[in-house]
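Just so you know, all these numbers are worked out from the coordinates, no wet-lab data involved. Computed from a predicted model, the values in this text were never measured in an experiment. Neighbour counts are summed over all protein chains in view; Cβ atoms, including those assigned to glycine, are modelled from backbone coordinates with ideal geometry.
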Amino acid sequence: MTPITVRVDGASYTDDVEPRTLLVHYLREQLGKVGTVVGCDTSNCGACTVHLDGEAVKSCTVLAVQADGSEVTTIEGVAGGAGLHPVQKAFHEMHGLQCGYCTPGMIMASIDLLKDNPDPSDDEVREGIEGNLCRCTGYQNIVRAVRHAAAEMRGGANGVPSGSVSPAVVDTAAAPHVAVQS
Amino acid sequence: MIPAPFAYARPTTVEEALQAIADCGEDVKVLAGGQSLIPVMRLRLAAPETVVDLGKVAGLRGVRDDGDAIVIGAMTTHSDVLADPLVAEHAPLIAEATGTVADRQVRHRGTFGGALVHADPAGDLPAVALALDAEFVVAGQSGRRTVPAGEFFVDYLTTAVGEGELLVEVRVPKYTGWSMRYEKFNRVAQAWSIVAVAAAVRREDGRIAEARVGLTNMGPTPLRARQVEEALAGAEATAEAVAAAAERAAEGTDPTSDLNAQADYRQHLAKVLTRRAVSTAAGL
Ligand SMILES: Cc1cc2nc3c(=O)[nH]c(=O)nc-3n(C[C@H](O)[C@H](O)[C@H](O)COP(=O)(O)OP(=O)(O)OC[C@H]3O[C@@H](n4cnc5c(N)ncnc54)[C@H](O)[C@@H]3O)c2cc1C
Ligand code: FES
Ligand code: FES
């Protein structure tokens with residue numbers, strides 16, 4: 001066992017861990033932070049993304065012992081208290097999820113992207129979250145959600161990026177046979 | 001899956017790290033960013049008895065100016081390399097190739113040195129280091145030695161870094177007046193190169209004075225396309241001349257056939273990507 005001290009979502013923990021413990025398992029099983037999920041065995045899916053000292057990492061590909069002395073933020077701490085982070089809110093409003101399994105990782109990766117690029121284009125969003133896989137949405141509404149959040153975080157007009165329309169309008173335009181329910 | 005149990009050492013200096021490796025016998029693995037090692041340990045393709053973590057070793061991270069070269073510490077992360085002004089100015093090919101590695105999460109952890117020592121034939125940085133004639137500074141208990149890029153990549157996943165040694169830094173000559181391009185062919189996001197080509201070109205009065213071309217995934221180690229380089233030296237900087245030289249890119253290569261591509265397709269790709277990389281680098 002190796003002793004580690006980490007700050008997770010604003011609280012400090014000192015624990016003994018087996019060196020082989022992956023950070024994601026430490027977070028979920030030892031700290032009960034089950035908001036962070038595991039979606040693969042190959043470091044590809046990004047579902048486990050957290051921030052380690054402010055940078056997005058795949059917590060299934062970091063050992064808990066490597067996080068010693070560091071600050072971790074998970075999806076559970078991202079809003080920093082009550083309410084939702086603007087990116088969480090945007091995923092909700094723009095229908096950026098279906099089953100929701102990829103969502104914690106998508107949100108953590110998107111926040112990291114927006115820190116480097118506060119006004120990404122559609123292509124830049126797609127590239128920025130290339131480390132995160134979604135099996136449900138087809139990504140369209142995820143991209144809209146990230147751009148919507150970006151506008152809101154920049155304090156743009158009504159938080160809506162130019163040319164941004166609600167998903168219902170877009171989806172109906174793409175599939176005119178779908179009746180709009182009002 | 002989680003890795004098999006292992007003993008863990010967390011040295012804080014290069015000397016301590018070398019001592020820890022020496023103390024642990026044969027079945028020891030060095031841990032840098034862990035972005036190649038942890039996945040293979042999770043899949044139980046590797047189960048070292050001891051892991052020596054370089055994460056807290058001082059002095060291995062960062063890029064410094066050293067006169068006619070820049071020196072990149074082995075533990076400099078991919079994202080640090082991408083943001084570094086010295087790399088951008090003197091060896092932009094490294095930044096361009098690094099930007100194609102994996103995804104931003106992996107780039108936050110994975111290191112320049114780890115990617116080079118891992119020496120995956122599909123890895124993007126080995127061919128770049130080879131094309132740029134980098135020098136590798138390797139430390140052992142008996143001292144430090146410098147290995148030229150041409151001797152560093154020995155075989156599949158094998159470099160000149162011996163048992164009990166560490167890569168500490170990489171010296172890259174400053175390429176003043178050169179232009180560069182990395183052309184990577186892969187099918188989906190965060191995927192490894194099926195083939196990629198690293199090109200650096202120096203133009204002089206409408207001619208290509210010198211060119212360096214490195215090939216990714218065209219054999220068990222990265223390769224230099226020497227025939228292309230010779231055909232380009234002194235050639236007119238025209239699309240035709242570059243296309244003719246690029247036809248020689250597959251000479252002497254020995255690519256593998258796998259699920260992604262057959263060997264003959266890889267050889268075709270090497271020519272096409274060489275033409276594109278050299279053309280772009282030459283401003284054509
Ligand atoms: C999803 C995913 C996608 C990826 N895609 C790409 C890609 O497209 N292109 C690409 O090039 N790479 C890719 N990678 C690999 C990535 O570049 C890794 O960062 C790199 O291969 C290893 O660097 P590391 O610091 O993580 O090394 P580690 O995983 O820590 O170590 C790798 C190996 O090198 C040894 N080692 C590391 N540092 C030293 C040192 N200083 N001295 C001696 N030995 C050392 C270790 O013992 C180990 O054997 C990908 C990885 C993942 C998880
Ligand atoms: S669980 Fe899939 S990348 Fe971490
Ligand atoms: S919403 Fe189901 S995986 Fe993305």
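Label-to-label distance, B:Asp264 versus B:Val154, with points set 7 angstrom from Cα along the beta-carbon direction: 3.6 nm. Taking segment A:141-156 and a reference point 7 angstrom along Cα→Cβ of A:Arg126, the backbone N atoms nearer than 20 Å belong to A:141-151.
Which one of A:Leu114, A:Leu31, A:Leu22 has the biggest mean-square fluctuation once chain A is modelled by GNM with Cα springs under 10 Å? With Cα springs under 10 Å in chain A, the top fluctuation among A:Leu114, A:Leu31, A:Leu22 is at A:Leu31. Counting beta carbons within 10 Å around each of B:Met1, A:Met106 and listing the fewest first gives the order B:Met1, A:Met106. Between B:Arg171 and B:Ser257, the distance separating the two model label sites (each 7 Å from Cα on the Cα→Cβ line) works out to 4.4 nm. Note: chain B, Cα convex hull, 124 Å³ per residue. For peptide A:7-20, the mean count of partner chain Cβ atoms within 10 Å of a residue's Cβ comes to 2.
For B:Ile2 and B:Thr146, the difference between the fully extended length at 0.36 nm per residue and the C-alpha to C-alpha distance is 48.2 nm. Farthest toward the positive end of the dipole of chain A, out of A:Asn117, A:Tyr139, A:Gly80, is the Cα of A:Tyr139, where the dipole comes from beta carbon charges about the Cα centre. The value given for the protein assembly as shown is a Kirkwood hydrodynamic radius of 23.7 Å, derived from the mean inverse Cα-Cα separation. Mean projection of the Cα convex hull over all viewing directions, computed for segment B:68-213: 9.1 nm². For segment A:19-80 and segment B:187-228, compute the distance between their C-alpha centroids and round to whole Å. Distance between centres, Cα-based: 37 Å. Considering only alpha-carbon pairs that sit under 8 angstrom and 6 or more positions apart, the relative contact order computed for chain B is 15 percent. Note on A:Val78, A:Val8, B:Val272, B:Val228: ascending count of other Cβ atoms within 10 Å places them as B:Val272, A:Val78, A:Val8, B:Val228, the fewest first.
Annotation for segment B:1-69: trypsin sites (Lys or Arg not before Pro) lying in DSSP loop with at most 12 further Cβ atoms inside 10 Å of their Cβ are B:Arg44. Have a look at A:Val34, A:Val72, A:Val57 and tell me which one the Gaussian network model of chain A (Cα, springs below 10 Å) gives the largest fluctuation. With Cα springs under 10 Å in chain A, the top fluctuation among A:Val34, A:Val72, A:Val57 is at A:Val34.
Among the helices of chain B, none built from whole DSSP H runs has Cα atoms reaching 18 Å or more along its own axis together with a mean Kyte-Doolittle hydropathy of at least 0.5. A simple spin-label model places the labels of B:Ala191 and B:Glu15 4.9 nm from each other, with each point 7 Å out along Cα-to-Cβ.
Cross-link partners for B:Lys29 among the lysines, with Cα-Cα distance under 28 Å and sequence neighbours closer than 8 places in the same chain left out: A:Lys58, B:Lys56. Over the Cα atoms of segment A:42-100, each weighted equally, I'd like the Debye log10 I(q)/I(0) at q = 0.16, 0.24, 0.28 Å⁻¹, rounded to two decimals. Log10 of I(q)/I(0), two decimals: -0.61, -1.07, -1.19. If Rh is defined by the Kirkwood formula over all Cα pairs and Rg also comes from Cα, what ratio Rg/Rh do you get for segment B:179-281? On the Cα set of segment B:179-281, Rg over Rh gives 0.98. Charges were assigned to the Cβ only: +1 to each Lys and Arg, -1 to each Asp and Glu. The resulting dipole of chain A about its Cα centre is roughly 440 debye. Toward the positive end of the charge dipole of chain B, with +1 on the Cβ of Lys and Arg and -1 on the Cβ of Asp and Glu, the farthest Cα among B:Ala115, B:Ile2, B:Ile94 is that of B:Ile2. With θ taken as phi - 60° and the Karplus curve 6.51 cos²θ - 1.76 cosθ + 1.60 applied, the whole-hertz 3J(HN,Hα) list for segment B:179-184 is 10, 9, 7, 10, 10, 10 Hz, x standing for glycine and proline. When the Cα positions of B:Ala231, B:Ala46, B:Gln19 are compared along the charge dipole of chain B, B:Ala46 comes out farthest toward the positive end, with charges on each C-beta of Lys, Arg, Asp and Glu. Over the residues of chain A, the helix contribution to mean residue ellipticity at 222 nm works out to -8500 deg cm²/dmol, using -39500 (n - 2.57) for each DSSP H run of at least 4. Counting beta carbons within 10 Å around each of A:Asp16, B:Asp53 and listing the fewest first gives the order A:Asp16, B:Asp53.
Sorted largest first, the principal axis extents computed over the alpha-carbon atoms of segment B:81-158 equal 36, 26, 24 Å. Under a model in which nothing but the beta-carbon of Lys, Arg (+1) and Asp, Glu (-1) is charged, segment B:1-64 shows a dipole of about 400 debye around its Cα centre. The helix-only estimate of mean residue ellipticity at 222 nm for chain B, built from DSSP H runs of length n ≥ 4 each weighted as -39500 (n - 2.57), is -9000 deg cm²/dmol after division by the residue total.
Here the ratio of the Cα radius of gyration of segment B:12-66 to 2.2 N^0.38 Å is 1.28.
What do you get for the angle between helix A:103-116 and the principal long axis of chain A? Use alpha-carbon atoms, 0 to 90 degrees, nearest ten. The angle comes out near 80 degrees. For GluC sites (Glu not before Pro), the sites in segment B:123-203 that DSSP calls loop and that have at most 11 other Cβ atoms within 10 Å are B:Glu163. Annotation: amide H of A:Val38 has no partner in the under-5 Å range at sequence separation 5 or more or interchain, hydrogens built in the peptide plane. A Gaussian network model of chain B, with springs between Cα atoms under 10 Å, assigns the largest mean-square fluctuation among B:Val81, B:Val188, B:Val138 to B:Val188. Among the trypsin sites (Lys or Arg not before Pro) in segment B:120-213, those located in a DSSP loop and surrounded by at most 10 other Cβ atoms within 10 Å of their own Cβ are B:Arg187. Placing unit charges on C-beta atoms (Lys and Arg positive, Asp and Glu negative, everything else neutral), compute the dipole magnitude of the protein assembly as shown about its Cα centre in debye, rounded to 20. Result for the protein assembly as shown is approximately 880 debye, rounded to the nearest 20. If you model chain A as an ellipsoid using its alpha carbon gyration tensor, with each semi-axis the square root of five times an eigenvalue, the axes come out at 33, 17, 13 Å, biggest first. The H on the amide N of A:Gly96, modeled in the peptide plane, is under 5 Å from the matching H of no residue at least 5 residues off or on a different chain.
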